[in-house]
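This structure is in structure tokens; I'll ask about it shortly.
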Amino acid sequence: MHVLPPDDEAAGVPELSGAARVRPAPLMPRPPASMLPPPPVAAPSAPAPPIAAPSAGAGSAATVPATTAAPRPGSWIRRGARRLPTSWILTSAGAVLLASTAAFGGLAEVTGPAPAELALGEPAHGADLTMTVRSVRLVAEAPPGTGVFADAAAGEQVLLVQVDVVNEFTAPRFSTSLTEQGVSVDGITVEGVPGKPVISRADDGTVAPRLQPGVPAPLTLAWVVPGDALTPGEEVVVTLPTATRQTGEAVLHGDYWTDPRPIAHVRAPLEQGSA
């Protein structure tokens, strides 16, 4: 507000008693359009509300959901498979495999080569041993040092198999196995005769001798049999074994041979011998 100067009184402007004399301020000139700020940008409008469709009942309305893309074919299968535990999937796959093989006779047993047919004096190689059967005899009394004793009153006899053995492994090993499932020279069997033999050296009578690498050892394998179990002159079948070498690191230490299987059959006539 502006107070009138005293010279206005002289110009004849009437004086207002009890109040100040005022006059409006002069108007400012309008700036050019180039200097004016740009007009405000309008905010985006809110989305339109969902369209209400009439429901089955009179006077009521139902909201129509927004349109969504249709699921791809098989997507529900993939989602379900991701939620299944892996163990279930592997078990189911195994069951399908067994069911499919059952239609063709099931899983066939894997067999190795047939045992070789040998005669006396022919060597066989198995379980890191070279074994050569020399003779098969039936005696009434075992010779000293064999470690077996027959009861003559009960009619028992002793079956003796002479075998030359060479240890092909790089370290000494026992001629008898350390476990029931182990295999060594005592893995040699005679058809119709149960049990493992007692092993001794034929030259000095040492029972269960150790076999040195590369050194031939003449061994005697002895079984006590009933008097009517075998008949001199008949053919007997001696089975020579092979096995898989393992290296023990927990309960058993060192090298041992297990998983026995026949490598050769030696057919020989049973001789009647004396002690």
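Since every read-out is calculated from the coordinates, none of them should be taken as a lab result. On a predicted model such as this, the values are computed, not experimentally measured, just so you know. Here Cβ is always computed from backbone atoms with ideal geometry, including for glycine, and neighbour counts include all displayed protein chains.
Looking at segment 129-270, I'd like the Rg to Rh ratio, where Rg is from alpha-carbon atoms and Rh is Kirkwood's inverse mean 1/r.
On the Cα set of segment 129-270, Rg over Rh gives 0.98.
Given H placed 1.01 Å from N in the peptide plane, which residues other than close sequence neighbours of G227 have an amide H under 5 Å from its amide H?
Answer set, sorted by chain and number: E156, Q157.
Roughly how many debye, to the nearest 20, is the charge dipole of segment 129-270 about its Cα centre, given +1 on each Lys and Arg Cβ, -1 on each Asp and Glu Cβ, and no other charges?
320
In whole percent, what relative contact order does segment 129-270 give with Cα contacts below 8 Å and a gap of six or more residues?
Contact order relative to length: 27 percent.
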